[in-house]
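For reference, the structure discussed in these notes is given below.
Just so you know, all these numbers are worked out from the coordinates, no wet-lab data involved. These numbers come from a predicted model, not from an experiment. Counting neighbours? That spans all protein chains shown, and the Cβs are built from the backbone with ideal geometry, glycine included.
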Amino acid sequence: MNNKKRILVLSSIEQSLIKFRGDFIKSLVKKGYEVYAGAPEFRKEKLKEVKDLGAIHVSYYVQRTGLNSFNDLKTIFNIKKLFKRIILT
């Protein structure tokens, strides 16, 4: 079993993970954390950038547009499931 502490950093757009959280992710990795970077979709070139930061990419469902409460609940449950799979195992 891996004894590293795990952190999940989420964003609604993969570009935000790299541009706005990139330094934060790198510093966490440097401190010995296992960092998971989550976004709904990753383009091939952005996957490489996330890996270069030292993070592990994960995808999750989110609908960024609209005002549908059911889609919001689906997003919440999806994030909860992702959290349990990564952090609580």
Next item on the list: Can you pull the one-decimal nm distance between simple spin-label points at residue 56 and residue 33, each 7 Å off the Cα toward Cβ?
Entry: 1.5
Item checked: Cα-centred dipole magnitude for the chain, charges only on beta-carbon of K, R (+1) and D, E (-1), debye, nearest 20 -> 280
Check: Regarding the chain, what whole-number volume in Å³ per residue does the convex hull of its Cα atoms give?
Finding: 89
Item checked: ³J(HN,Hα), Karplus 6.51/-1.76/1.60, whole Hz, each residue of the range 76-89, x for Gly, Pro -> 4, 5, 5, 5, 4, 4, 4, 4, 4, 5, 8, 7, 8, 9
Margin query: For the range 1-55, which chymotrypsin sites (Phe, Trp or Tyr not before Pro) pass both filters: DSSP loop (anything but H, G, I, E, B) and at most 12 other C-beta atoms within 10 Å?
Written below: 20
Check: How about the chain: which GluC sites (Glu not before Pro) there are in a DSSP loop, with at most 16 other Cβ atoms within 10 Å of their Cβ?
Finding: 41
Next item on the list: Evaluate the distance, in nm, between pseudo-label points positioned 7 Å from the Cα of residue 70 and of residue 19 along their respective Cα→Cβ axes.
Entry: 3.4
